[in-house]
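The structure appears below as structure tokens.
The values are calculated or read from the model by the stated rules, or taken from the named source; none is laboratory data. Everything numeric in this text was worked out from a predicted model, so none of it was measured. All Cβ positions, glycine included, derive from the backbone under ideal geometry; neighbour counts span all protein chains shown.
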Amino acid sequence: MPWQPGEASAPQPIVAGPYEYLSGDEATFLDAAVARVIPNDELGPGAKEAGVTTFFDRQLAGPYGNSSESARDNKGASGTIRTARAADVKGRGWPMQAF
């Protein structure tokens, strides 16, 4: 259910500021990368202007980036890999040994 105005659990706005997880060089690279993938144009802001780098930084600094079990819960890439490994019960071998 989407958030409705006036509810007790209103989302907290994210304010760009010092990065919590990314180094300055990493943030600079990520800004350039996201700006290249989704540039700003006459239709609206691009990924850099929308704060995608700050979003990634906050996600990586939080429970998801710290591999918290509650954040993963079989969702995202970690859950997919874990599920695929668990499904390999016939000994055919896991093709992605790097993970």
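Of note:
- Among (1) in a loop (DSSP other than H, G, I, E, B); (2) at pLDDT 75 or above; (3) more than 14 Å from the chain's Cα centre (by Cα), the one test that Pro63 misses: (3)
- Test: residue in the stretch 6-26 that is assigned to a helix (DSSP H, G or I), modelled with pLDDT of 90 or more and surrounded by fewer than 10 Cβ atoms within 10 Å (Cβ to Cβ): yes
- Top-ranked residue of the stretch 32-70 - restricted to ones that are β-branched (Val, Ile, Thr) and more than 15 Å from Leu22 (Cα to Cα), ranked as surrounded by the most Cβ atoms within 10 Å (Cβ to Cβ): Ile38
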